[in-house]
1. Could you identify the single residue in 21, 61, 36, 49 that is closer than 30 Å to residue 100 by Cβ and assigned to a loop (DSSP other than H, G, I, E, B)?
2. Which of the following residues is touching a helix residue (DSSP H, G or I) at 6+ places or on another chain (Cβ under 9 Å) and surrounded by fewer than 12 Cβ atoms within 10 Å (Cβ to Cβ): 63, 95, 44?
3. Cβ-Cβ under 6 Å, sequence separation 6+ or interchain: first residue in segment 137-152 and touching a residue at least 12 places away in the same chain (Cβ under 8 Å), partner surrounded by fewer than 16 Cβ atoms within 10 Å (Cβ to Cβ). Which pairs?
4. Of the residues that make up segment 79-91, is at least one buried (at least 17 other Cβ atoms within 10 Å of the Cβ) and at negative phi?
5. Only one of (1) surrounded by fewer than 16 Cβ atoms within 10 Å (Cβ to Cβ); (2) closer than 18 Å to residue 19 by Cβ fails for residue 192. Which number is that?
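None of the figures in this text is laboratory data; all of them are computed from the coordinates on show. Predicted, not measured: the structure shown is a model, and the values here were computed from it. Cβ placement follows ideal geometry from the backbone for every residue including glycine, while neighbour counts extend to all protein chains displayed.
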């Protein structure tokens, strides 16, 4: 299929496998869920009554004190006692094979192209690292909520874009499904587009 290159009147030919695939919502949902789950730390931990230190002796005699009977100071009812249903460290990662991940990325890129949310440009270079000039350039292209995908993110682009709300910057080699679906539009340079095609086709 052919994609229009903005501002030039020319087109770039890309693989139908990578950019004209039927959208598979269930697969994309599964991959996005797995990607987000893999980012969870899973290090939350609490102690049960068996793990809390001390409590080996009966705190006071069974009868005659006027208090409720107690066999250990580690009871969840007591201050500094154990937690009834204590959280323990766990791994949230879900198994995703390469074929599924590639198919989901193909679906996302194809849907972006179909919906007109994919903006292709020859290059996206900045003369300086000033946020003001970067924001003006985006305004001139009528883009406000956008992910910029380049084959290599320059220092100027990184510095200029980091404080602009609703704008993301990523390299083609490290693009992820969550970033692609989080923005209204995706601006991609031709070299980056070719890199994506190499990986997905």
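1. 21
2. None of the other options fit; the residue is 95.
3. What qualifies is 145/166; 145/184; 151/191.
4. Within segment 79-91 (the criterion being buried (at least 17 other Cβ atoms within 10 Å of the Cβ) and at negative phi), the answer is yes, since at least one residue qualifies.
5. Among (1) surrounded by fewer than 16 Cβ atoms within 10 Å (Cβ to Cβ); (2) closer than 18 Å to residue 19 by Cβ, residue 192 violates only (1).
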